[in-house]
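In what follows, a single structure is set out as structure tokens and then discussed.
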Amino acid sequence: MSPSLDALEARWGRTGAVTFAERYGGPVALLQAGGATAVVALQGAQVLSYLPPNQREVLWLSPVAKLGTGKAVRGGVPVCWPWFGPHPIDQTMDQTKPAHGFVRARPWSVTGSAAKLGRARLVLAYDASPKSQPDWPHRALAEIEITLAETLTIALSTENRGENDLLLTQALHTYLAVGEIGAVTVNGLVDRPVIDQLSPAPMRREHEPISVKAEIDRIYQDSEGPVIVTDRKGGRHIRVSKTGSRSTVLWNPWVEKSARLGDMGGDGYRHMLCVEAANAGNDTVTLAPGERHRLTTELSVTKICVSG
Ligand code: BG6
């Protein structure tokens, strides 16, 4: 049975920093620190909102977002774990092997909270085993640690608690909110080898900053540095930096795929771009029994300075 909001508040509430409420039909944690706020769903340990001080919302969220439906909510920062994309072996995408792993629509447990030095922190955990996930022959603990200050940091740690090696692919699938996709430029991925998930063509490299003018679904390999999304309509740069990740995914479903997905809203694709800190494509992680891996992403925003 899930703990009540009162029980969560009594155990993990931190005055002025961490509180619990119901939003989008399910339990969420509300974080506050230094004028910034964030909303985190206990379903999927998914950050749904990040509002830095004196800024607009940084994360795009589906206009039909609803928790507790058994389906992953589109938007915010879904946690794709313990595999990214279709299941590495079974690609039938049946009920037990959904795309992007099995934790997005599941309830996570709150295991920690803190308020100090102008930061609010929340920790959630998911204990995965063949009991919680039939057909998955491993035992592993996934932990999401969210730290809100002026910036937002999300850390996804995995501990292999089984007796065999665990092959992991994963992503912090960040949906950034942008003013207008046609007025966006993405820097930080030039000359990286690209796996284009929309084309069987061999890996290639791009020599210019990226503009998005159609559906895009690419895994940039050997990309450890920060990605800067310049949103000219929104008047800001959004910086996505990361650790523990050598691959970055860019995704926008554009018109036709949005229609198929059904939860993008009429023109939602125009106002979002996913920049995902990942271990995907050739960038896989193998954990021996007892080993841990930590993937982090940090989001920060600066205004575009207009000179002259
Ligand atoms: C991206 C993948 O990370 O997520 C895409 O690269 C996928 O291939 C997209 O379509 C959305 O996935 P989902 O399961 O949330 O619809």
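A few comments on the model shown:
- Scanning the range 4-44 for residues that are without any contact (Cβ under 8 Å) to a residue 40 or more places away in the chain, closer than 14 Å to residue 110 by Cα and either acidic (Asp, Glu) or surrounded by fewer than 17 Cβ atoms within 10 Å (Cβ to Cβ) (or both) yields 4, 5, 6, 7, 9, 10, 21.
- Meeting the requirement of 2 or more residues that are surrounded by fewer than 17 Cβ atoms within 10 Å (Cβ to Cβ) and of a type in the set (A, V, I, L, M), no strands (runs of 3 or more DSSP E) wholly within the range 91-165 can be named.
- Among the residues of this structure, residue 245 counts as one that is over 27 Å from residue 67 (Cα atoms), touching a strand residue (DSSP E or B) at 6+ places or on another chain (Cβ under 6 Å), crowded, with 20+ Cβ neighbours inside 10 Å and of a type outside the set (Val, Ile, Thr).
- For the range 169-192, taking the residues that are more than 16 Å from the ligand (Cβ to nearest atom) and outside any loop (DSSP other than H, G, I, E, B), the one that is surrounded by the most Cβ atoms within 10 Å (Cβ to Cβ) is identified as 184.
- Residue match in the range 244-255 (condition: more than 16 Å from the ligand (Cβ to nearest atom), under 27 Å from residue 159 (Cα atoms) and not basic (Lys, Arg)): yes
- Selection count, the range 186-224, where residues are hydrophobic (A, V, I, L, M, F, W, C) and at pLDDT below 95: 2
- Residue list for the range 8-28, filter: of a type in the set (S, T, N, Q) and closer than 24 Å to residue 66 by Cα: 19
- When residue 255 is tested against (1) of a type outside the set (Lys, Arg); (2) surrounded by 14 or more Cβ atoms within 10 Å (Cβ to Cβ); (3) in contact (Cβ under 8 Å) with a residue 12 or more places away in the chain, only condition (2) is not met.
- Selected residue (criterion: surrounded by the fewest Cβ atoms within 10 Å (Cβ to Cβ)) from residues of the range 258-308 that are without any contact (Cβ under 8 Å) to a residue 12 or more places away in the chain and aliphatic (A, V, I, L, M): 306
- All positions within the range 239-262 that are farther than 22 Å from residue 211 by Cα and within 17 Å of the chain's Cα centre (by Cα): 243, 244, 245
- Note on the range 1-82: enclosed strands (runs of 3 or more DSSP E) holding 1 or more residues that are within 16 Å of the ligand (Cβ to nearest atom) are 36-41, 46-51.
- Of all residues making up the range 202-237, the number that are part of a loop (DSSP other than H, G, I, E, B), more than 16 Å from the ligand (Cβ to nearest atom) and not charged (D, E, K, R): 8
The values are calculated or read from the model by the stated rules, or taken from the named source; none is laboratory data. Quick caveat, the model's predicted, so the values are computed rather than measured. Neighbour counts run over all protein chains shown; Cβ positions are idealised from the backbone, glycine included.
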